[in-house]
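Every number in this text was worked out from the coordinates using simple rules, so none of it is lab data. Nothing here was measured: the structure is a model prediction, and the numbers come from that model. Please note: Cβ atoms are built from the backbone with ideal geometry, for glycine as well, and neighbour counts cover all protein chains shown.
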Amino acid sequence: MPLETVFSFASFIALFGWILLVVVPADPRAKLLTGIIIPLTLALIYLTYIFLFIADAPGGFGSLAEVRKLFGRDELLLAGWVHYLAFDLFIGAWESRDSQRLEIPRLVMIPCYLMTFMLGPIGLLFYFAIRTAKTKSLEV
C-alpha cells in the first residue's frame, strides 16, 4: 500500500477520534473508539512499519544525528507520525474520561484537546493545569 495512503488513513481515523472527543465524549462507543480501538489500530500500523523497516535502517536513537538519519527513511518517518497520532489520541481520551469524572466542563476541555492533538505534551500540561486548579492536587 502506498505510504501516502497509509498516512491519509491514519490521519483520518485519528482526526475522527478527536472529533468524537469533542462532540460526544461521554458516549460509550466513542470512549471505546477513542480510548482503545483507534489507538490500537494505529499501534498495529506502527508495529508493521517498525517490524518491516527498522532492522536495516541507518541511524538510531543514540544522538540527534542518528534519529535524523533514522527518520530520513519515509517508512520510518510514517511510523513516527503514526506513533504521535496513537499516543496523542490515547492521552486525549484519558483527559476526556478524567475530566468527565472530575466534572470539568466540556467547553474548558476543547482547548486542551486541540493542544493535545496538535502539540501533544503541551496539551497534557494545559490539562494538568486545569485539573490541578479543580482538584487542588497533582494526584491522579
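Brief remarks on what is shown
- The angle between the Cα long axis of helix 106-119 and the longest principal axis of the Cα atoms of the chain comes to about 20 degrees, rounded to the nearest 10.
- 3J(HN,Hα) couplings calculated from phi for segment 2-11 with the Karplus curve 6.51 cos²θ - 1.76 cosθ + 1.60 (θ = phi - 60°) are, in sequence order, x, 4, 5, 5, 5, 4, 5, 4, 4, 5 Hz; Gly and Pro show x.
- Applying the criteria of a DSSP loop state and at most 13 other Cβ atoms within 10 Å to the GluC sites (Glu not before Pro) of segment 56-140 yields Glu103, Glu139.
- Length gained on full extension, Ala26 to Ser63: 9.1 nm, using 0.36 nm per residue less the C-alpha separation.
- In the chain, the DSSP-assigned H stretches of four residues or longer account for a calculated mean residue ellipticity at 222 nm of -25000 deg cm²/dmol, using -39500 (n - 2.57) per stretch and the full residue count as denominator.
- For the chain, the fraction of alpha-carbon pairs in successive 10 Å shells from zero, as %: 12, 37, 29, 17, 5
- Net charge dipole, the chain: roughly 440 debye, given to the nearest 20, about the Cα centre with Cβ charges of +1 for Lys and Arg and -1 for Asp and Glu.
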